[in-house]
Amino acid sequence: SVPFLIRLFPDVLTKFVFLNFLAFPFFVDLQRPELLLNNTVSLHLTTEPGITVGIWHTVPGSRGAEARGKDQRWYEEALADNHPVIIYLHGNGGTR
């Protein structure tokens with residue numbers, strides 16, 4: 001009966017393979033990464049009309065003292081300076 005159910009409801013298979021309905025760690029507000037990680041802020045980029053991508057910007061430990069207490073604008077400006085940017089693509093999970 002499992003193959004029959006998967007044939008009828010293919011979305012069920014993707015939910016169980018990718019488990020994107022789970023958010024780990026549990027009971028954590030992932031919209032506020034600064035509560036979990038030092039020197040981190042949540043940003044949203046509009047890549048094209050109707051498409052918005054959420055990102056976390058984490059500055060390296062060497063700039064940690066400089067970033068302490070700064071607002072979101074400082075983090076946005078830090079992306080435009082001469083320091084290299086490393087992009088980490090976490091995969092297909094439901095959280096960043």
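Here are some notes:
- The stretch 8-50 and the stretch 52-74 have Cα centres lying 19 Å from one another.
- Solvent-accessible surface (1.4 Å probe) assigned to Val85 amounts to roughly 90 Å².
- Probe 1.4 Å, protein heavy atoms only - accessible area per residue of the chain in square angstrom: 83 Å²
- Label-point separation in nm, Leu43 to Leu79, each point 7 Å along Cα→Cβ: 0.3 nm
- Percent carbon-and-sulfur accessible area, the chain, ignoring ligands, DNA and RNA, probe 1.4 Å: 61 percent
- If R0 equals 22 Å, the separation of the Cβ atoms of Ile51 and Leu5 corresponds to a calculated FRET efficiency of about 0.10.
- Cα-only radius of gyration and Dmax that characterise the chain, units Å: 18.0, 59
- Value at 222 nm in deg cm²/dmol, rounded to 500, when DSSP H runs of n ≥ 4 in the chain each add -39,500 (n - 2.57): -7000 deg cm²/dmol
- Ordering Ala67, Val28, Leu43 by Cα displacement along the dipole of the stretch 28-79 toward the positive end leaves Ala67 in first place; charges were set at the Cβ atoms of Lys, Arg (+1) and Asp, Glu (-1).
The values are calculated or read from the model by the stated rules, or taken from the named source; none is laboratory data. What you are looking at is a predicted structure, and each value in this text was computed from that prediction instead of being measured. All Cβ positions, even for glycine, are placed from backbone atoms using ideal geometry, and neighbour counts span all protein chains on display. Each accessible area value is taken on the protein alone, full model and side chains, heavy atoms only, with ligands, DNA and RNA left out. Shrake-Rupley method; radii C 1.70, N 1.55, O 1.52, S 1.80 Å.
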